[in-house]
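Shown next, in structure tokens, is the structure this report addresses.
The values are calculated or read from the model by the stated rules, or taken from the named source; none is laboratory data. Predicted model, so just to flag it, every value in this text is computed and none were measured. All Cβ positions, even for glycine, are placed from backbone atoms using ideal geometry, and neighbour counts span all protein chains on display.
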Amino acid sequence: MSRTGSILTLNAGSSSVKFALFDAGRDLHQSMRGEIESLSSVPHFHAVDDQGRVLIERRWEKADNASYPHVIEELLTFIESHLGKGGLAAVGHRIVHGGEAYSAPVKLTPKTIDAIEALTPLDPLHLPLNVAPIRAVAEARPKLTQVACFDTAFHHTIPKVAHSYAIPRELSDKGLRAYGFHGLSYEYIAGQLKELAPDLAVGRVIIAHLGAGASLCALRNGQSIATTMGFSALDGLMMATRSGIIDPGVLLYLGRHGYNFKQIEDLLYHKSGLLGVSGISGDVRDLLASDKPEAREALDLFAYRLAWEIGALISALGGLDGLVFTAGIGEHSAEIRADVCARLAWLGLRLDAWANKAHAGVISLGESAVAVRVIPTNEEAMIAHHTLGLLQKG
Ligand SMILES: Nc1ncnc2c1ncn2[C@@H]1O[C@H](COP(=O)(O)OP(=O)(O)O)[C@@H](O)[C@H]1O
Ligand SMILES: CC(=O)OP(=O)(O)O
Ligand SMILES: [Mg+2]
């Protein structure tokens, strides 16, 4: 069954709600994207159409007006005034954590919303933020179909040995294991790779999703077999403000020396990573522009950690055929890509310096033992695709 109408995607984070609108009747053409940012300070609502033309640009006076029900009502009213034929067919959400239960997208019913909310102990920071807009949409437009797409779902193919921690069994049985995140991005890139380079797509590939949150995924034949994020989105790579992998002994030390739970959480999520090491910024652009030695040190550590974790995943894969860079840093920073690739020269990886500077799709030389590509990610398109898939199933 084909479908007309539009699909709205929502990606609700700690300080913003990103949204996009897709036309189901036009092969899921993206007709609009936008964001409501700074929810906790001075909320800012902006959206552009598929030509980059500004459709709305507005600031609320204060955060009190930005409670989820209010924000969602404003957003839906705005979207409904920009719809083509067929109206709004459904809303698809990015849900960061689906626990062990969800290995595929689901239609949201009162029962599934409760079940997702019940996973909150696994991710108390993100899940409440993801569930709030679902409840707000259900309240505002009770008849509208809603779909949940999980960031963890793509990693359900990871074998047990690669997602287990060496802790007592009774704790593992309670769900203390690695789950992995950024799954919608990895699924999108795996699909793109299948079209762009089918031979490579069936091989051993590492995707580097390098945004403010960053992780790696090892794929064999298009399926995830290992990833650097674990139980939480803190593990693995150094990030904009998150620490990445750290000796748990450091946390014990801090706990013993006056840090309380909240302070440790804040330290690991918001004060570490590029920001913590540089003392300047968590944004790679600011650090590249700075001549302070601390900025260089932060970028060096970022690239060192990246090459180090790539080494670990190569061992899980038993070799490497392809490396794909994606997300904000991966798509835009030729410097970071060059630095990481230089550290991987021992693999026989040879970067094409010109192609890299030009942000070309293929940035390795023909003689390189590892093909290196840059593929822009699109988590929203993946959410729209899954949402339409569930609508078509009825
Ligand atoms: N031109 C650029 N050069 C280097 N880094 C960039 C550039 N553009 C964006 N970035 C980086 O991308 C990051 C954001 O990536 P993005 O994938 O949008 O993150 P998220 O979705 O996790 O917020 C920024 O923190 C910034 O460091
Ligand atoms: C899971 C995660 O880290 O998400 P984000 O990159 O959006 O912060
Ligand atoms: Mg992101």
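Key figures
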item: Total residues in the stretch 169-196, condition away from ligand 2 (no atom under 16 Å from the Cβ) and in contact with a strand residue (DSSP E or B) (Cβ under 7 Å, 6 or more places away or on another chain); result: 2
item: Hey, Ile167 assigned to a loop (DSSP other than H, G, I, E, B), of a type in the set (Val, Ile, Thr) and not assigned by TED's automatic domain parsing to the domain that holds Ala90 or not; result: yes
item: Unmet requirement for Leu388, which otherwise passes all of (1) within 16 Å of ligand 1 (Cβ to nearest atom); (2) among the aliphatic types (A, V, I, L, M); (3) buried (at least 21 other Cβ atoms within 10 Å of the Cβ); result: (1)
item: Residue in the stretch 199-214 that is within 16 Å of ligand 2 (Cβ to nearest atom), assigned to a strand (DSSP E or B) and free of Cβ contacts under 8 Å to residues at least 40 places away in the same chain present; result: no
item: Test result for Ser67, exposed (fewer than 15 other Cβ atoms within 10 Å of the Cβ) and within 16 Å of ligand 3 (Cβ to nearest atom); result: no
item: Residue in the stretch 1-32 that is modelled with the highest pLDDT, counting only those that are β-branched (Val, Ile, Thr) and within 14 Å of ligand 3 (Cβ to nearest atom); result: Thr9
item: Conditions (1) surrounded by fewer than 20 Cβ atoms within 10 Å (Cβ to Cβ); (2) away from ligand 2 (no atom under 16 Å from the Cβ): number failed by Asp283; result: (2)
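Results for (1) crowded, with 16+ Cβ neighbours inside 10 Å; (2) touching a helix residue (DSSP H, G or I) at 6+ places or on another chain (Cβ under 9 Å), shown as yes or no for each residue.
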residue: Ile95; (1), (2): yes, yes
residue: Ala101; (1), (2): no, yes
residue: Pro110; (1), (2): no, yes
residue: Ile113; (1), (2): yes, yes
residue: Ala132; (1), (2): yes, yes
residue: Val137; (1), (2): yes, yes
residue: Asp151; (1), (2): yes, yes
residue: Lys160; (1), (2): no, no
residue: His163; (1), (2): yes, yes
